[in-house]
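Written below as structure tokens is the structure these notes are about.
The values are calculated or read from the model by the stated rules, or taken from the named source; none is laboratory data. Computed from a predicted model, the values in this text were never measured in an experiment. Positions of Cβ are generated from backbone atoms using ideal geometry, with glycine treated the same way; all protein chains shown enter the neighbour counts.
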């Protein structure tokens with residue numbers, strides 16, 4: 001599933017392509033035909049990303065809400081669109097560009113009240129200027145739940161996925177199983193600041209890189225990471241490989257059905 005930086009990149013790109021223009025919508029697949037008919041012919045006022053949720057705000061208090069989930073993806077280009085291929089849930093076109101959406105977990109129209117309700121059920125997003133990290137810590141400091149699970153809970157922090165959580169905990173030197181209530185305020189401040197740093201860098205680069213300069217391939221004389229997720233990381237999807245810092249074999253376990261990766265030495269707590 002795309003992490004929050006990808007959604008922020010999409011929001012910025014879609015605004016660049018369509019904001020201020022009249023947008024025409026269809027649903028070649030048919031599953032969003034009624035919503036597309038309501039949306040078609042309206043002007044896109046702007047876009048917004050909140051965590052893993054993408055919002056297109058249209059004139060007339062219409063908001064398109066998209067959650068890509070595991071399989072959703074956008075494809076598009078300039079000029080007139082080609083004939084639809086595959087299960088296109090939504091096609092947006094303007095005089096200059098087209099955009100197709102396939103396979104989303106959610107594609108729906110929301111009222112202003114429903115948009116407010118969506119925002120209210122999400123935790124603070126490290127990529128948003130209105131984020132309040134104290135709201136997340138108020139949940140964390142009272143909870144016996146493992147810290148990794150709390151940081152993956154979108155009602156606690158929005159936009160963080162397994163890569164950012166795994167790597168932020170490594171960089172903080174904290175085990176993923178640490179109970180949330182054991183994290184002191186200074187520790188939370190460091191984690192939050194690092195999430196802001198890592199996610200902001202990922203928006204700019206279009207990929208997730210988490211290693212510090214001294215642990216880059218060229219600095220260590222090692223081969224670059226080869227993985228479909230791209231980017232240089234410390235422990236994510238590196239089970240059994242030597243830690244870039246201490247050479248201990250990276251550990252792997254599960255938590256609530258999710259894979260976890262950590263260094264037992266660097267993250268002893």
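Is there a residue being surrounded by 22 or more Cβ atoms within 10 Å (Cβ to Cβ), modelled with pLDDT of 95 or more, touching a strand residue (DSSP E or B) at 6+ places or on another chain (Cβ under 8 Å) and more than 19 Å from residue 9 (Cβ to Cβ) anywhere in region 137-148? Checked against the condition, which is being surrounded by 22 or more Cβ atoms within 10 Å (Cβ to Cβ), modelled with pLDDT of 95 or more, touching a strand residue (DSSP E or B) at 6+ places or on another chain (Cβ under 8 Å) and more than 19 Å from residue 9 (Cβ to Cβ), region 137-148 yields at least one hit.
Determine if region 106-117 includes at least one residue that is in contact with a strand residue (DSSP E or B) (Cβ under 6 Å, 6 or more places away or on another chain), touching a residue at least 24 places away in the same chain (Cβ under 8 Å), over 17 Å from residue 66 (Cβ atoms) and outside any loop (DSSP other than H, G, I, E, B). No, because not a single residue in region 106-117 is in contact with a strand residue (DSSP E or B) (Cβ under 6 Å, 6 or more places away or on another chain), touching a residue at least 24 places away in the same chain (Cβ under 8 Å), over 17 Å from residue 66 (Cβ atoms) and outside any loop (DSSP other than H, G, I, E, B). Where helices (runs of 4 or more DSSP H) fall entirely within region 153-259, those with at least 2 residues that are under 30 Å from residue 118 (Cβ atoms) and in contact with a strand residue (DSSP E or B) (Cβ under 7 Å, 6 or more places away or on another chain) are at 162-172. For first residues located in region 26-40 and without any contact (Cβ under 8 Å) to a residue 60 or more places away in the chain and in the same structural domain as residue 57 (by TED's automatic domain parsing), partners that are surrounded by fewer than 19 Cβ atoms within 10 Å (Cβ to Cβ) and not in a loop (DSSP other than H, G, I, E, B) and lie 6+ apart or on another chain with Cβ distances below 7 Å form the pairs 40/24.
Rundown of residues vs (1) closer than 30 Å to residue 137 by Cα; (2) touching a helix residue (DSSP H, G or I) at 6+ places or on another chain (Cβ under 9 Å); (3) crowded, with 20+ Cβ neighbours inside 10 Å; (4) modelled with pLDDT under 95, yes/no style:
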{"position": "72", "(1), (2), (3), (4)": "no, no, no, no"}
{"position": "76", "(1), (2), (3), (4)": "no, yes, no, no"}
{"position": "88", "(1), (2), (3), (4)": "no, no, yes, no"}
{"position": "92", "(1), (2), (3), (4)": "no, yes, yes, no"}
{"position": "100", "(1), (2), (3), (4)": "no, no, yes, no"}
{"position": "103", "(1), (2), (3), (4)": "no, no, no, no"}
{"position": "109", "(1), (2), (3), (4)": "no, yes, no, no"}
{"position": "112", "(1), (2), (3), (4)": "yes, no, no, no"}
{"position": "118", "(1), (2), (3), (4)": "yes, no, no, no"}
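One residue is enough: does region 80-88 have a residue meeting the conditions within 30 Å of residue 131 (Cβ to Cβ) and touching a residue at least 60 places away in the same chain (Cβ under 8 Å)? The answer is no, given that none of the residues of region 80-88 is within 30 Å of residue 131 (Cβ to Cβ) and touching a residue at least 60 places away in the same chain (Cβ under 8 Å).
Please indicate, with yes or no, whether at least one residue in region 245-258 is assigned by TED's automatic domain parsing to the domain that holds residue 141, closer than 27 Å to residue 125 by Cβ and surrounded by 14 or more Cβ atoms within 10 Å (Cβ to Cβ). Checking region 245-258: at least one residue is assigned by TED's automatic domain parsing to the domain that holds residue 141, closer than 27 Å to residue 125 by Cβ and surrounded by 14 or more Cβ atoms within 10 Å (Cβ to Cβ).
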